[in-house]
Amino acid sequence: MDIIKDIRKQKGLSQKALADLCGVHQTAVSQWEKGRTTPDLDSLKKLAAALGVSAEVLLGVEEQKDENKIPGFSRISAEAVSEKLGKSEIFALTINDNAMSPALIPGDTVIVNRLEMPVSGELAAVTVASSDAFITRIIKKGTSVLLVPENSSYEPLVYSESEFASLPVTVLGKVTELRRRF
C-alpha cells in the first residue's frame, strides 16, 4: 500500500519508528508498504493514529487532506480576503515592493497567522479601505495607530482610533515567518 509509505515519508518517519509506534515489527510495516500483507483491524487503528490520518485514508476510501498546504497570494484585495482565505488560519503573502526593505525584499514570502494579533512594534498584514493587503510594522502611540514601513523612503501612515475603525483599517494577522529563496 503505497499510501502508507507516502504518508510515513511525509511525516519523516522511518519504517522502524512507525513500527515502534504501532507496536509491530519493522518487517510488518515493510510488508504493508509492499502490499504483501494488510494490517489487521487493531494494527490499522494504531497505524492511522501514528500517521495522523483516518483508517479510511489508509484504505484508499477517502482522500488525505493536505493540512500543510498554505494558501498563498502575490496580491489579495480587501474585498477578497474573506472569500479567498475562508477559514484558513494562516496564509502566505509575497512581498511586491520595497516598503519593508531591507528586512523584507520583493520576492520574499511571509507567513501570516490570522489567529495571532500583533502587539505594538510587530509586523502585520493589513488592508486600508479597499487596498491590497500589505505588510507593515504596527505601532500604537497614545490614541493613534501608525503603520510604519522599514524603508525610510516611504512615509508612515497615521490613523486615529476613529479613522482606524471607519476606513476601515483591517489587521489580517501577525507575520510569523519569512521564507526567502536564495
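Has the stretch 141-162 got at least one residue that is within 21 Å of the chain's Cα centre (by Cα) and either among the polar types (S, T, N, Q) or assigned by TED's automatic domain parsing to the domain that holds Ala78 (or both)?
No, there is no match, as no residue in the stretch 141-162 is within 21 Å of the chain's Cα centre (by Cα) and either among the polar types (S, T, N, Q) or assigned by TED's automatic domain parsing to the domain that holds Ala78 (or both).
Results for (1) touching a Leu at 6+ places or on another chain (Cβ under 6 Å); (2) assigned to a helix (DSSP H, G or I), shown as yes or no for each residue.
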residue	(1), (2)
Ile4	no, yes
Gly12	no, no
Ser43	no, yes
Phe91	yes, no
Pro102	no, no
Ile105	no, no
Met117	no, no
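Identify the single condition in (1) within 19 Å of the chain's Cα centre (by Cα); (2) surrounded by 15 or more Cβ atoms within 10 Å (Cβ to Cβ); (3) in a strand (DSSP E or B) that Ile138 does not satisfy, given that it satisfies every other one.
(1)
Could you tell me how many of the residues in the stretch 33-58 are modelled with pLDDT under 85, β-branched (Val, Ile, Thr) and farther than 14 Å from Cys22 by Cα?
1
Residue under question is Ser82, and the condition is that it be loosely packed, with under 14 Cβ neighbours inside 10 Å, hydroxyl-bearing (Ser, Thr, Tyr) and either over 21 Å from the mean Cα position of the chain (by Cα) or modelled with pLDDT under 90 (or both); does it hold?
yes
Take the conditions under 22 Å from Arg179 (Cα atoms) and crowded, with 19+ Cβ neighbours inside 10 Å and apply them to Ile111. Does it pass?
no
The values are calculated or read from the model by the stated rules, or taken from the named source; none is laboratory data. Every value quoted in this text rests on a predicted model; they were computed, and no experiment measured them. Counting neighbours? That spans all protein chains shown, and the Cβs are built from the backbone with ideal geometry, glycine included.
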